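Bear in mind these aren't lab numbers, they're just calculated from the coordinates by the rules spelled out. None of these values were measured; they are calculated from a predicted model. Every residue, glycine among them, receives a Cβ derived from its backbone with ideal geometry; neighbour counts consider all protein chains shown.
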Amino acid sequence: MKLINILLISSLLCVMTGCSKMNNHHSQQSQTHDVAWFKQHQKILMQTLTQCSNNPAKYRNHPECINAQQAANDIVAGDPVPLPADMAHPKE
C-alpha cells in the first residue's frame, strides 16, 4: 500500500512539473517584442515577417506583426531626418 501511494505521489509530481515547464515556455513565447528589439534582431524580424505575411488573416492585427512591420519600415527608410524649423511650423 505504501509503495502504491509513493508511486502515485511521484507520478503526480512528475506530471505537475512537466505542465509547469510547458506553461513557462508558452508564456515566454507570447512576449511581444518592441520595434527597437526587432531592429537589433533582424534574423528574427525576417522570420516574423514571413510568418505574418503567410497568414495575414490570422496575424494582421497581432502586436508582434505590427511591430515587426514597423521595424522593417524604419530600417528601409533609414533614420528620420529632422525638418528645418521653418518647415516644421509653416506660417499660415
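Across the stretch 43-50, coupling constants 3J(HN,Hα) worked out from phi with the 6.51/-1.76/1.60 Karplus curve, θ = phi - 60°, read 5, 5, 4, 5, 5, 5, 4, 5 Hz, and Gly and Pro carry x. Working from Cα pairs under 8 Å separated by at least six residues, relative contact order for the stretch 32-79 is 48 percent.
DSSP loop trypsin sites (Lys or Arg not before Pro) in the stretch 28-63 with at most 16 other Cβ atoms within 10 Å of their Cβ, which ones?
In loop regions of the stretch 28-63 (DSSP not H, G, I, E or B), the sparsely surrounded trypsin sites (Lys or Arg not before Pro) are Arg60.
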